[in-house]
2 protein chains.
Amino acid sequence: MKRLTSRDIELAHKRISRYINRTPVLNSRAINSIASAEIFFKCENFQKVGAFKYRGATNAMIELMESERPKAVATHSSGNHAQALALAANKQGIPAYIVMPSNSPKVKVNAVKQYGAEITFCEPNLEARESTLNTIVDRTNAVFIHPYNRNDIIAGQGTACFELVEEIDDLDMIIAPVGGGGLLSGTAIYAKSKGIAVYGAEPKSADDAKKSIEAKRLIPSVSLNTICDGLLTSLGELNFHYIQKYVDDIWLSSDEDTLSAMRLIYERMKIVIEPSSAVALAAVLNNKEVLEGKKIGIIISGGNVDLDSFFNSYAK
Amino acid sequence: MKRLTSRDIELAHKRISRYINRTPVLNSRAINSIASAEIFFKCENFQKVGAFKYRGATNAMIELMESERPKAVATHSSGNHAQALALAANKQGIPAYIVMPSNSPKVKVNAVKQYGAEITFCEPNLEARESTLNTIVDRTNAVFIHPYNRNDIIAGQGTACFELVEEIDDLDMIIAPVGGGGLLSGTAIYAKSKGIAVYGAEPKSADDAKKSIEAKRLIPSVSLNTICDGLLTSLGELNFHYIQKYVDDIWLSSDEDTLSAMRLIYERMKIVIEPSSAVALAAVLNNKEVLEGKKIGIIISGGNVDLDSFFNSYAK
């Protein structure tokens, strides 16, 4: 199978740049002072659909339209990938079929609908998701777009790192959260080609990437218990290949530390991010001794967070 | 007494620009589509201390240092002005004495402390605040910096509008929230000099500006009941003068509508703003018929909001 290089990520960026938001790189003097380091946040919470996932979905869609020219695309997802694929397919003018668990948050269901995709609900377990998806693929001839275990998706996700490196010189390292591994593997392929160290950030209670690297084989995630709802999925095979090859280490953080880091970002930077994004700053704050004086890039993966409790507290 | 013109605001901008953040002007396709208008948000939530107040405090401090050269400054405030004056005085290297009600949120007390000001606590009522302040002024010879009823403060607050107009051509109108009136009067002086209409946005349940304009005399605020905690104060005399002269109208919104507008901004723009800022978008959404197709500037006044309920919901 073809292996991606940094050139593929540059090409992906050329391919998708007129469809995506060029997201800002922000920094905070207060957080730098707390971390005793210089941190640059690449803010994919400002990406379309509110997450980096739109980069990969867009790259996959355009590549497909230039090759297979599918009649439709399909995926199963309760989260950001569902919205990303729905919008990317919509922009390319072809139908998207999305399988969503019946307990998906209403706000995400509505977003997928709004982007014009057709939703099929299923029981909230992986088996039901896959069998429902297979039925739809058989019926519609749609191409299944896996959320992370594909080269076109990985190359797309790597474009956030490409933009960060283009904008900020001389980064010592880049840190990205790792769930399925799409973002981290794309980031690592590009950053390493520029001589920049790469670290993954993972919740302690969903540490399959850390374990897989240590064991040198894929160890599936068994956790259902972290506030980082985007990081529960197991690493993909392809993602594991790139991560083994290019990532220096995985840093683990407790949910408590992730929550403190998230709060710091809301209060000091005034931006809305999701818990899965905060795990990278938690990792930095947990490794202050090693990182003092370093120039660090962090990929803020997204900003799709459930704000009900916050707004309900006002409505009282 | 000297009356401000747009020239004073330009001079204030020159004076303070190297001390303040040049805040971004953001927009959202989703919100434009909901509003059927083109809205440009001048994001003072990204200003130092998290609010526009730092502009006025900085301008007042520098003007004072060039004229009276005070030994110290003082004010009473439980909110953004306390932090703004503390930091602005710190930057000019002179002491600041801040009187804060004993029930002030810990996070605000800590921020003021962190900026190096000396805090004196008092009973949480206006009488205690003023008498405590007078004692301090007598003892220290500090100059009292009122949070909004001063020309130097008003000119400073107007610089957010100056930057917005410099960046976005052909605005039909600019909307700013009104509490004491520092932001709205500064905005109005500058916007009107460029032929742009100006509206104030005020909570229905704290509508002293609307009532004062209708009655053509200052009617003090009596409300204590709005989620817009920054807009409870009564209009200042000087502010009322400029608002009467330059503001086209005041638009009222219910707290419920303000809350919906605030949620829209969090969810679609992924930025943290305070309720007092959302009242301006609520006004736009309540006046859609009149505003269709218009090019509208909104001053987002700040982002200092109590996030306890939000983060507590995760900690459970």
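Is it true that residue B:178 is under 30 Å from residue B:96 (Cα atoms), touching an Asp or Glu at 6+ places or on another chain (Cβ under 7 Å) and open to solvent by less than 50 Å² (accessible area, probe 1.4 Å)? In short, yes. When segment A:195-243 is limited to residues that are more than 29 Å from residue A:166 (Cα to Cα) and among the hydroxyl-bearing types (Ser, Thr, Tyr), the one that is farthest from the other protein chains (Cβ to nearest Cβ) turns out to be A:212. Selection within segment A:146-164: residues that are assigned to a helix (DSSP H, G or I) and open to solvent by 10 Å² or more (accessible area, probe 1.4 Å). The member of this set that is nearest to residue A:74 (Cα to Cα) is A:152. Here residue A:117 qualifies as crowded, with 21+ Cβ neighbours inside 10 Å, in contact with a strand residue (DSSP E or B) (Cβ under 9 Å, 6 or more places away or on another chain), among the hydrophobic types (A, V, I, L, M, F, W, C) and over 21 Å from residue A:298 (Cβ atoms).
Screening segment A:293-316 for residues that are part of a loop (DSSP other than H, G, I, E, B) and within 17 Å of residue A:22 (Cβ to Cβ) and picking the one that is farthest from the other protein chains (Cβ to nearest Cβ) gives A:301. All conditions but one from (1) closer than 22 Å to residue B:303 by Cα; (2) within 12 Å of another protein chain (Cβ to nearest Cβ); (3) at pLDDT 95 or above apply to residue A:281; the one that does not is (2). Any residue that is in contact with a Leu (Cβ under 9 Å, 6 or more places away or on another chain), closer than 17 Å to residue A:44 by Cα and either in a loop (DSSP other than H, G, I, E, B) or open to solvent by 50 Å² or more (accessible area, probe 1.4 Å) (or both) - is there at least one of those in segment A:201-217? No, the conditions are met nowhere in segment A:201-217. The set of residues from segment B:1-12 being open to solvent by 40 Å² or more (accessible area, probe 1.4 Å) and at pLDDT 95 or above comprises B:3, B:5, B:7, B:10, B:11. Give segment B:13-35 a look and list any residue that's in contact (Cβ under 8 Å) with a residue 24 or more places away in the chain, open to solvent by 50 Å² or more (accessible area, probe 1.4 Å) and either within 22 Å of residue B:290 (Cα to Cα) or not assigned by TED's automatic domain parsing to the domain that holds residue B:270 (or both), or say none. Result: B:34, single match. Are any of the residues in segment A:273-283 touching a strand residue (DSSP E or B) at 6+ places or on another chain (Cβ under 7 Å), closer than 27 Å to residue A:81 by Cβ and open to solvent by 10 Å² or more (accessible area, probe 1.4 Å)? Scanning segment A:273-283, I find at least one residue that is touching a strand residue (DSSP E or B) at 6+ places or on another chain (Cβ under 7 Å), closer than 27 Å to residue A:81 by Cβ and open to solvent by 10 Å² or more (accessible area, probe 1.4 Å), so the answer is yes. Checked against (1) under 27 Å from residue A:307 (Cβ atoms); (2) in contact (Cβ under 8 Å) with a residue 24 or more places away in the chain; (3) under 22 Å from the mean Cα position of the chain (by Cα); (4) open to solvent by 20 Å² or more (accessible area, probe 1.4 Å), residue A:104 meets all criteria but (4). Within segment B:171-189, the set of residues being within 13 Å of the chain's Cα centre (by Cα) and part of a strand (DSSP E or B) comprises B:175, B:176, B:177.
The values are calculated or read from the model by the stated rules, or taken from the named source; none is laboratory data. The structure displayed is predicted, hence computed values, not measured ones. Positions of Cβ are backbone-derived with ideal geometry, glycine not excepted, and every protein chain shown enters the neighbour counts. The area values use the complete protein model at the heavy-atom level, side chains included, leaving out ligands, DNA and RNA. Shrake-Rupley method; radii C 1.70, N 1.55, O 1.52, S 1.80 Å.
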